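The values are calculated or read from the model by the stated rules, or taken from the named source; none is laboratory data. Treat the numbers as computed from the prediction; the structure is a model and nothing was measured. Cβ: placed from backbone, ideal geometry, glycine included. Neighbour counts: every protein chain shown. Each accessible area value is taken on the protein alone, full model and side chains, heavy atoms only, with ligands, DNA and RNA left out. Shrake-Rupley method; radii C 1.70, N 1.55, O 1.52, S 1.80 Å.
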Amino acid sequence: MDLRVLFIATLFGIICYSCAQQEGNDCIKANAKSCGECIQVGEKCGWCTDPEFLKQGEPTSARCDELQSLKKKGCGVSLIENPHGSQTINKNVPVTNRNKNGEDKLKPEDITQIQPQKLTLNLRSGEAQSFNLKFKRAEDYPIDLYYLMDLSFSMKDDLENVKNLGTSLMIEMSKITSDFRIGFGSFVEKTVMPYISTTPAKLLNPCTGDQNCTSPFSYKNVLKLTSDGQQFNTLVGQQQISGNLDSPEGGFDAIMQVAVCGDAIGWRNVTRLLVFSTDAGFHFAGDGKLGGIVLPNDGKCHLENNMYTMSHYYDYPSIAHLVQKLSDNNIQTIFAITEEFQPVYKELKNLIPKSAVGTLSSNSSNVINLIIDAYNSLSSEVILENSKLPEGVTITYQSRCKNGLVGEGDNGRKCSNISIGDEVSFKISIQAHKCPKQGQSETIKIKPLGFTEEVEIVLNFICECSCQTDGEKSSPLCHNGNGTFECGACRCYEGRIGRQCECSTEEVNSDDLDANCRPGNSTDICSNNGDCVCGTCECKKRENPEESYRGEFCECDNFNCDRSNNTLCGGHGRCDCRVCICDANYTGSACDCSLDNTTCLASNTQVCNGRGTCVCGTCKCTDPKFQGRTCEICPTCPGVCTEHKDCVECRAFGTGEKKDTCDRDCGYFNLIKVKDTDKLPQPVQAFPVMHCKERDANDCWFYYTYAINNNTEKEVHVVETLECPTGPDIIPIVAGVVAGIVLIGLALLVIWKLLMIIHDRREFAKFEKEKLNARWDTGENPIYKSAVTTVVNPKYEGK
């Protein structure tokens, strides 16, 4: 491995170890000077109140540590201050069980859908307090519905259908609740240019032609919430259309007034529904500048004679401002919008919790079905929200909904598809990470969006220890009364420091005081392991709680002693002022030498088999032929090769007499395979090695060595290939025989051919000789007659 890589890896390991130490020792890092400061660090931190707990050189902050560390340092359990949080349920009215047809008619304020209603939590930093919140959707729960309608000219045909909405909606809603109230309001636009025409004629009748329209207005509360549906029909039937110049309407002004003018509208603490009906877009914050209106909307009620009178003075509200007011007043919004503006209002719905969007027909004929569907959608979902949390406090939710569905994180705040009578629960955990700057108590509220009921939670913060109430002010134990003696230590008054508050802050840097913190003639203050406070060394704390400095000049520690096997004092002693104090039967600078010789006894009860000496519990063999833990093993003695032959054969090659019992009988040595005999280890003085050559059942030889290393482990090095006698090579033999036969045949053919040639030549010579010796008669044969006949033509004249 590259040395640079090794160095970086080592350094990274050290850094990570340090990080891990720091993460687990927040108590020490906090450097707490009092019990109150200590318990605010985290739930694992405790404070030792034992007055005799601190050793020389240890600062007061050493009293603050993890509980286990304090116990190890000798602080009794009863003397450790470790308060825990608690919770009390102050109001726990059960959720209401009733039905619409029941005889018991309850007032809205007597109906309970959420339980418990009030708790008190005592919070300690880092320790969460959890409780269960139950929600049950009550049957026949009262409903207030306010219908807010755009009365610009484009909504003329819609107004005709809404005029009979009261009684029709009453009939439909009676199927859901027996306690239903309805109200009506209308809006157009701000009464300034360029939103409307401000000419006198247009202010009287903003419509063109022979259309008769009412004067423009911003918002009008026509009918306060009432249970009289016929009154709704009558008053709405008297309304007239108005008009404006631009397409977006001033609906946000109207929504704001409906939300904040609870008395004028007549809202009860029941389910509050706001139906917002329009066929156009909306103006929002900033658009008022077009009309010279720059003051932001103040979010307050400005209704006089049921008319919004400050539209020309305040700008439109922002979406965020509107969301806040709707949430604060538990109003659920239903947007009844025509098809053209559906995308815009769907985006708006995503910004307004507990709101719904329905598609309004061109003449509002489907408005009742739209309202019923939207209400069912909104009421089937419960979403919890909490008020602003104090600084340093966090809250988490876990929902347990229908069918065992569990939600975490953001989904832990809500449950969906809840029907009337269904019960769901939420596990809520609240945790403080520090104490508030002012006061020891805060109040937060949790409620389901769109519902008026809420849970009030009083948070009390545990910022001080109980032992501090018994503190002795101006105690003589704190240097002439310069501090309060509490929880086993002095809490110094301002301007005083030191374990007993014996110094003022002005004396801290005095050279005379520093001289008392130097050992002998040394120039190092507190041995560079501490700080000089009031002429006394306060030793630094280590990140590891098991390690510490101590002594008058912080010259001692418990972690810089000799180590054995990377263990402080070999694990057989303790480190005291950089010297190992060994346990019984151990000695040496690192307590790594055992005085017990029982580990050196051989099987014959002799120490080291009589062939060595026992040193620190380990045999040192004096006879080089013997080795092992008790000098009983002789790897070079006769018979070693034969003794281990079967086990080596079965483990290396899977053959031999012990191949079936190899795992059971032959696991007593480490087997190492090498490629050839040159790789086998050679004998050295420290490790005698026996070289062996054995034959297996197939007459094959295998080579191995047997030795025992320093750790008394038996090692066998074996050549991985067998040396077997080679058999005849059939192919060359067959090829040779065939080749011999062929060659012999060719030779015989050649000989035969030569003999034939010689014989033919002899016969030809003999023929020639006889030919020469023959004498033939050359006379004419009398019997011979020529085969040629010559005929002469008598008429031929020779021409």
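I'm trying to understand the selection: among the residues of the range 314-340, which are assigned to a strand (DSSP E or B) and touching a Ser or Thr at 6+ places or on another chain (Cβ under 9 Å)?
Across the range 314-340, the qualifying residues are Gln332, Thr333, Ile334, Phe335, Ala336, Ile337, Thr338.
Within the range 214-256, which residues are over 25 Å from Tyr313 (Cα atoms) and out of contact with any strand residue (DSSP E or B) (no Cβ under 8 Å at 6 or more places or on another chain)?
Asp228, Gln230, Asn233, Thr234, Gly237, Gln238, Gln240
I need a count of the residues in the range 489-509 that are of a type in the set (D, E, K, R), part of a loop (DSSP other than H, G, I, E, B) and in contact with a Lys or Arg (Cβ under 9 Å, 6 or more places away or on another chain).
1
Testing Ile171 on (1) open to solvent by 70 Å² or more (accessible area, probe 1.4 Å); (2) more than 54 Å from the chain's Cα centre (by Cα); (3) of a type in the set (Val, Ile, Thr); (4) closer than 26 Å to Val367 by Cα, one condition comes back false. Which one is that?
Ile171 satisfies all of (1) open to solvent by 70 Å² or more (accessible area, probe 1.4 Å); (2) more than 54 Å from the chain's Cα centre (by Cα); (3) of a type in the set (Val, Ile, Thr); (4) closer than 26 Å to Val367 by Cα except (2).
Against the condition outside any loop (DSSP other than H, G, I, E, B), touching a strand residue (DSSP E or B) at 6+ places or on another chain (Cβ under 8 Å) and loosely packed, with under 15 Cβ neighbours inside 10 Å, how does Thr443 come out, does it pass?
yes
Could you please give the count of residues in the range 712-754 that are outside any loop (DSSP other than H, G, I, E, B) and of a type in the set (Ser, Thr, Tyr)?
0
Of the conditions (1) at pLDDT below 90; (2) under 18 Å from Asp422 (Cα atoms); (3) surrounded by 16 or more Cβ atoms within 10 Å (Cβ to Cβ), Val162 fails just one. Which one is it?
All conditions pass for Val162, except number (2).
Restricting to the range 643-669, give me the number of residues that are in contact (Cβ under 8 Å) with a residue 12 or more places away in the chain, open to solvent by 70 Å² or more (accessible area, probe 1.4 Å) and not in a helix (DSSP H, G or I).
Qualifying residue count for the region: 1.
Quick one: in the range 247-290, of everything that is assigned to a helix (DSSP H, G or I) and acidic (Asp, Glu), which residue is least open to solvent (accessible area, probe 1.4 Å)?
If we take residues in the range 247-290 being assigned to a helix (DSSP H, G or I) and acidic (Asp, Glu), then Asp253 is least open to solvent (accessible area, probe 1.4 Å).
Tell me, which residue of the range 631-642 that is assigned to a loop (DSSP other than H, G, I, E, B) and surrounded by fewer than 16 Cβ atoms within 10 Å (Cβ to Cβ) is modelled with the lowest pLDDT?
Initial filter on the range 631-642 (assigned to a loop (DSSP other than H, G, I, E, B)): 631-632, 634-639.
Restricting the remaining residues to those that are surrounded by fewer than 16 Cβ atoms within 10 Å (Cβ to Cβ) gives 637-639.
Values: Cys637: 70, Pro638: 63, Gly639: 71.
So, considering only residues that are assigned to a loop (DSSP other than H, G, I, E, B) and surrounded by fewer than 16 Cβ atoms within 10 Å (Cβ to Cβ), the one modelled with the lowest pLDDT is Pro638.
Return the total of residues in the range 446-481 being surrounded by 21 or more Cβ atoms within 10 Å (Cβ to Cβ) and more than 26 Å from Ser130 (Cβ to Cβ).
1
If I go through the range 150-207 residue by residue, how many of them are in a strand (DSSP E or B) and of a type in the set (Ser, Thr, Tyr)? Before the answer, list the steps.
To start, the set of residues in the range 150-207 that are in a strand (DSSP E or B) comprises 150, 180-187.
Next cut, of a type in the set (Ser, Thr, Tyr) only: 186.
Of the residues in that region, 1 qualify.
For the range 233-240, indicate whether the set of residues that are within 56 Å of the chain's Cα centre (by Cα), surrounded by fewer than 18 Cβ atoms within 10 Å (Cβ to Cβ) and within 15 Å of Ser152 (Cα to Cα) is non-empty.
Among the residues of the range 233-240, not one is within 56 Å of the chain's Cα centre (by Cα), surrounded by fewer than 18 Cβ atoms within 10 Å (Cβ to Cβ) and within 15 Å of Ser152 (Cα to Cα), which makes the answer no.
Asp179 - would you say it is open to solvent by 40 Å² or more (accessible area, probe 1.4 Å) and touching an Asp or Glu at 6+ places or on another chain (Cβ under 8 Å)?
Answer is yes for this residue.
Could you check, for the range 333-348, whether at least one of its residues is modelled with pLDDT under 90, under 20 Å from Lys414 (Cβ atoms) and not hydrophobic (A, V, I, L, M, F, W, C)?
The answer is no; no qualifying residue exists.
Filter the range 604-630 for residues that are of a type in the set (Gly, Ala, Ser) and under 60 Å from the mean Cα position of the chain (by Cα); which is modelled with the highest pLDDT?
Looking at residues that are of a type in the set (Gly, Ala, Ser) and under 60 Å from the mean Cα position of the chain (by Cα), I get Gly612.
Return only the number of the condition from (1) open to solvent by less than 10 Å² (accessible area, probe 1.4 Å); (2) more than 18 Å from Val162 (Cα to Cα) that Leu204 does not satisfy.
Here Leu204 meets the rest and fails (1).
Anything in the range 446-488 that is assigned to a strand (DSSP E or B) and of a type in the set (A, V, I, L, M, F, W, C)? List them, or say none.
In the first step, residues of the range 446-488 are kept if they are assigned to a strand (DSSP E or B); the result is 446-448, 455-461, 472, 483-486.
Passing the criteria: Ile446, Val455, Ile457, Val458, Leu459, Phe461, Phe485.
Yes/no per residue for (1) touching a helix residue (DSSP H, G or I) at 6+ places or on another chain (Cβ under 8 Å); (2) free of Cβ contacts under 8 Å to residues at least 60 places away in the same chain; (3) open to solvent by less than 80 Å² (accessible area, probe 1.4 Å):
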{"position": "Leu351", "(1), (2), (3)": "yes, yes, no"}
{"position": "Asn366", "(1), (2), (3)": "no, yes, yes"}
{"position": "Pro390", "(1), (2), (3)": "no, no, yes"}
{"position": "Val393", "(1), (2), (3)": "no, no, yes"}
{"position": "Ser399", "(1), (2), (3)": "yes, yes, yes"}
{"position": "Leu405", "(1), (2), (3)": "no, yes, no"}
{"position": "Arg413", "(1), (2), (3)": "no, yes, yes"}
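Please determine whether any residue of the range 401-423 is under 20 Å from Ser125 (Cα atoms), of a type outside the set (Phe, Trp, Tyr) and assigned to a strand (DSSP E or B).
So far as the range 401-423 goes, no, none of its residues is under 20 Å from Ser125 (Cα atoms), of a type outside the set (Phe, Trp, Tyr) and assigned to a strand (DSSP E or B).
Has the range 671-688 got at least one residue that is surrounded by 14 or more Cβ atoms within 10 Å (Cβ to Cβ), in contact with a helix residue (DSSP H, G or I) (Cβ under 9 Å, 6 or more places away or on another chain), farther than 11 Å from Thr705 by Cβ and not aliphatic (A, V, I, L, M)?
Scanning the range 671-688 turns up at least one residue that is surrounded by 14 or more Cβ atoms within 10 Å (Cβ to Cβ), in contact with a helix residue (DSSP H, G or I) (Cβ under 9 Å, 6 or more places away or on another chain), farther than 11 Å from Thr705 by Cβ and not aliphatic (A, V, I, L, M).
Looking at (1) at pLDDT 85 or above; (2) touching a Lys or Arg at 6+ places or on another chain (Cβ under 9 Å); (3) among the charged types (D, E, K, R); (4) over 29 Å from Thr705 (Cβ atoms), find the lone condition where Glu649 falls short.
Every condition holds for Glu649 apart from (4).
In the range 143-158, what residues are within 20 Å of Leu245 (Cβ to Cβ) and of a type in the set (A, V, I, L, M, F, W, C)?
Met149, Leu151, Phe153, Met155
Given (1) open to solvent by 20 Å² or more (accessible area, probe 1.4 Å); (2) closer than 22 Å to Trp47 by Cβ, identify the lone condition not met by Cys490.
Condition not satisfied by Cys490: (1).
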